[in-house]
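Here the structure is laid out as structure tokens; the discussion comes afterwards.
Every number in this text was worked out from the coordinates using simple rules, so none of it is lab data. As the structure is a prediction and not an experimental result, all values here were calculated from the model. Note: ideal-geometry Cβ built from the backbone for every residue, glycine included; neighbour counts use all protein chains shown.
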Amino acid sequence: MKPPRSNPSTARGARPTIDSARKIPPESDAMIQLHDVVKTFSNAAGEFTVLKGLDLKIKRGEFVSIVGKSGSGKSTLLNMVTGIDHPSDGQVVVNDVDIYTNFTESQRSKWRGRNLGIVFQFFQLLPMLTLLENVMLPMDYVDMYDFNKRPERAMDLLKLVGLEKFANKLPVLVSTGQQQLAAIARAMACDPPLLVADEPTGNLDTRSADTIIQLFETFVSQGKTIVLVTHDPSITSRTHRNIIISDGELIDETISRALPLLRHRHMLEFTKLVEERVYRPHETIIPRDQHVDYFFMIRKGGVEVILQGKKKDHIVSRLGENEFFGEMELLRGGKSIANVRAGGQPVEVLALPRADFIRVMNESPITAEALGKIVQKRLEEHQIADYRR
Ligand SMILES: Nc1ncnc2c1ncn2[C@@H]1O[C@H](COP(=O)(O)OP(=O)(O)O)[C@@H](O)[C@H]1O
Ligand SMILES: [Mg+2]
């Protein structure tokens, strides 16, 4: 489904107007980069900051879900990426183009048509056009593909989403699930490398939702990048990465993976309180027989938990990315019974001060209980190790 054009001066991504906006070396591994993006709305009550300085990188080929409570800024964030709205401050780079510097509104709109597929919760098909005409519309708008090839390509896309039989129907004559499938076909009309979807299954039954997610998985396997906002946990479990936004700020992904049961506001608190540390291979992080002052989460690399034997030390467990340690001592009190050190590679950890950890655990019975179970299991492992040596 490549564009049939051969003239390089009109090929996608090579137009002078688009080239002049290129500041970033082409083909970086990032599809989306946000640098300190702020969005403030003004209304009668004054100024209201919805995005509070977001930094985010999404790589080419990633399938990313974004979740957050209603009003946390998810749609506003997507609108920064699509160029539908514009940031009050900061930089947005999509597919190597700084989309707010050097672009006029109409250049941005054309660029969007060629680079981005957008899917909304409420489909937004044009009601007086057939499904086929709806799918052809973006090709007409950015003048991609030969005029007489467009119907054929639109039909191919409708086949892909299983709607070829309905091609000549008006949107109102098909189900909501089918309308959304047609909207997805329309989003893919110009073969964009990036698909952005705002709660695409929010208005659908589970079966239609599943069809849509399978379709997204197919696109991802073909190398597309997909970013979608969703409330549905059955979707977030199928994406490569899940990003949480809380009150206009992004939660550290190591924290949300290490402590998934924590409330978003506590995750955000931790995000602001943690300190990043790097340890050299085999360097001690928690010495044995000492008070533990931090709760640690592993961002990169791994650690070894070591118990001292009479003759030699035993590695009782190895912990990897998004796992944590230090909780045992913090929850039970007392000194460290084991030595925790970096594995054979440098390890990056997030260290959260003891008092903050204890305070939040007291406010989060579900997380505390889940951690309690892990402590119990680890203690048992240690006792087994104790017994064996
Ligand atoms: N155009 C706008 N003008 C003023 N406030 C807005 C506008 N768009 C969104 N907001 C406010 O910004 C906040 C975040 O909105 P939104 O990004 O739509 O949240 P979400 O998609 O996570 O539910 C909300 O409080 C909303 O009322
Ligand atoms: Mg929204």
Exercise. With the Cα gyration tensor of region 266-388 giving a ≥ b ≥ c as the square roots of its eigenvalues, does the rule (a/c under 1.5 for rounded; else a/b larger than b/c for prolate; else oblate) give rounded, prolate or oblate?
Worked result: oblate
Seminar exercise, completed: For region 323-389, shape from the Cα gyration tensor axes a ≥ b ≥ c, cut at a/c of 1.5 then a/b versus b/c, turns out oblate
Problem set entry | Set of region 193-210 residues, backbone N closer than 19 Å to the point 7 Å along the Cα-Cβ line of Thr176 | 197-210
Exercise. Could you work out the helix-only [θ] at 222 nm for the chain, with each DSSP H run of four or more residues adding -39,500 (n - 2.57) and the total divided by the number of residues, to the nearest 500 deg cm²/dmol?
Worked result: -10500 deg cm²/dmol
Exercise. With a 10 Å Cβ neighbour count serving as the proxy for reagent exposure, in which order, fewest first, do Thr201, Thr206 appear?
Worked result: Thr206, Thr201
For this session: Among the listed pairs Lys165/Lys224; Lys57/Lys224; Lys74/Lys272, give every one whose C-alpha distance is greater than 22 Å.
Result: Lys165/Lys224
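Between Glu283 and Arg241, what length in nm is gained on full extension when 0.36 nm per residue of separation is reduced by their alpha carbon distance?
12.1 nm
Relative contact order of region 230-299: what whole-number percent is it, with Cα pairs under 8 angstrom and at least 6 residues apart?
Relative contact order here is 24 percent.
If you filter region 309-368 for trypsin sites (Lys or Arg not before Pro), then keep DSSP loop positions with at most 12 other Cβ within 10 Å, what is left? Write down the numbers at each step before the final one.
On the way: sites: Lys310, Lys311, Lys312, Arg318, Arg332, Lys335, Arg341, Arg354, Arg359; in loops: Lys310, Lys311, Lys312.
Filter output for region 309-368: Lys310, Lys311, Lys312.
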Exercise. Using 7 Å Cα-to-Cβ label points, what is the Lys373/Phe122 separation (nm, one decimal)?
Worked result: 4.1
Exercise. Between Asp313 and Phe48, what FRET efficiency comes out of the Förster formula 1/(1 + (r/R0)^6) with R0 = 45 Å and r the beta carbon distance, rounded to 0.05?
Worked result: 0.20
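Around Gly117, with a cut-off of 11 angstrom between Cβ atoms, what is the net charge of the other residues, counting Lys and Arg +1 and Asp and Glu -1? List each step's numbers first, then the result.
Numbers: positive: Arg112, Arg114, Arg186, Lys224; negative: Asp191.
Result for the local shell: +3.
Magnitude of the Cβ-charge dipole of the chain, K/R +1 and D/E -1, about the Cα centre, nearest 20 debye?
That gives a dipole near 820 debye.
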Exercise. In nanometres, what is the gap between the two model label sites at Glu105 and Asp89, each 7 Å from Cα along Cα-to-Cβ?
Worked result: 2.5
Exercise. What shape does region 8-250 have by the C-alpha gyration tensor, where a ≥ b ≥ c are the square roots of the eigenvalues, rounded means a/c under 1.5, and otherwise prolate means a/b greater than b/c and oblate the rest?
Worked result: oblate
Seminar exercise, completed: Computed for region 23-77: size of charge dipole around the Cα centre, +1 on C-beta of each Lys and Arg, -1 on C-beta of each Asp and Glu, debye to nearest 20, value 140
For this session: May I ask which residue of Ser237, Val174, Val196 lies farthest towards the positive end of the charge dipole of region 163-247, with charges of +1 (Lys, Arg) and -1 (Asp, Glu) on Cβ and the Cα centre as origin?
Result: Val174
Exercise. What ranking do Leu261, Leu56 get, fewest neighbouring Cβ atoms within 10 angstrom at the top?
Worked result: Leu261, Leu56
For this session: Just flag the GluC sites (Glu not before Pro) in region 85-160 sitting in loop per DSSP whose Cβ has no more than 14 other Cβ atoms within 10 Å.
Result: none
